[in-house]
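Participant: Below is the structure I would like to discuss, written out as structure tokens.
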Amino acid sequence: MATQRPTPYSQFNFVVEWDGLDGASVQAGFQEVSGLGLELNVAEYRAGNYGENAPLKVNTTYKVPDVTLKRGVIGYLDLYQWVDAVREGTPDQLRTVTIRLMAEDRTTEAMQWKLLGARPMKYTGPTLNGNGTELAIEELVLAAERIEQS
């Protein structure tokens with residue numbers, strides 16, 4: 001449940017979890033989550049005998065944008081293995097991914113987003129550069145059927 005307060009929460013305290021991935025494990029140590037949202041589609045409709053010269057706006061379908069997770073390469077193959085299982089057609093690969101924004105005390109949950117029916121749609125390995133000084137980052141893009149926020 002969302003915890004209300006007069007000042008905004010910081011963006012750097014968050015936890016990502018799904019079946020088989022505990023938010024406290026090193027595997028769940030994501031650096032960035034982006035793309036959380038919901039898009040509602042609206043169609044315009046105007047009947048010929050409508051009294052106004054402007055169309056009505058009618059809600060139609062909705063979609064959940066793709067969500068991107070980034071983490072440092074730590075030697076675990078779990079992200080790639082999930083992508084590979086989907087690629088190979090292994091059944092039951094849809095997961096519920098939970099993203100929790102935490103308060104500064106790191107124990108109080110401020111907000112929560114649940115991605116229902118999530119599946120990986122893209123995995124990107126790190127950019128490697130012999131002159132680079134940045135960390136190696138891997139990226140997983142998820143497609144979800146529904147998002148819920150609480």
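Participant: One residue is enough: does the stretch 98-108 have a residue meeting the conditions of a type in the set (A, V, I, L, M), out of contact with any Lys or Arg (no Cβ under 7 Å at 6 or more places or on another chain) and in a loop (DSSP other than H, G, I, E, B)?
Facilitator: yes
Participant: Another question, then. Since residue 109 meets every condition but one in (1) among the acidic types (Asp, Glu); (2) closer than 28 Å to residue 135 by Cα; (3) surrounded by 14 or more Cβ atoms within 10 Å (Cβ to Cβ), which condition does it not meet?
Facilitator: Here residue 109 clears every test but (2).
Participant: Further, regarding this structure: Out of curiosity, is residue 61 more than 15 Å from residue 21 (Cβ to Cβ), over 15 Å from the mean Cα position of the chain (by Cα), touching a residue at least 12 places away in the same chain (Cβ under 8 Å) and outside any loop (DSSP other than H, G, I, E, B)?
Facilitator: When the stated conditions are applied, residue 61 passes them.
Participant: Mind listing just one residue for me: the one in the stretch 117-150 that is hydrophobic (A, V, I, L, M, F, W, C), within 11 Å of the chain's Cα centre (by Cα) and assigned to a strand (DSSP E or B) and, of those, surrounded by the most Cβ atoms within 10 Å (Cβ to Cβ)?
Facilitator: 118
Participant: Could you check, for the stretch 86-95, whether at least one of its residues is hydroxyl-bearing (Ser, Thr, Tyr) and within 14 Å of the chain's Cα centre (by Cα)?
Facilitator: No, the stretch 86-95 contains no residue that is hydroxyl-bearing (Ser, Thr, Tyr) and within 14 Å of the chain's Cα centre (by Cα).
Participant: Another question about this same structure. Report whether or not residue 97 is surrounded by 12 or more Cβ atoms within 10 Å (Cβ to Cβ), touching a Pro at 6+ places or on another chain (Cβ under 8 Å) and not basic (Lys, Arg).
Facilitator: Details: surrounded by 12 or more Cβ atoms within 10 Å (Cβ to Cβ): yes; touching a Pro at 6+ places or on another chain (Cβ under 8 Å): no; not basic (Lys, Arg): yes.
No, not satisfied.
Participant: Go through the stretch 16-58 and count every residue that is touching an Asp or Glu at 6+ places or on another chain (Cβ under 8 Å), part of a loop (DSSP other than H, G, I, E, B), at pLDDT below 95 and surrounded by 13 or more Cβ atoms within 10 Å (Cβ to Cβ).
Facilitator: The total comes to 1.
The values are calculated or read from the model by the stated rules, or taken from the named source; none is laboratory data. Here the structure is a predicted model, which means the values were calculated and not measured. As a convention, Cβ positions derive from the backbone with ideal geometry for all residues, glycine included, and neighbour counts pool all protein chains shown.
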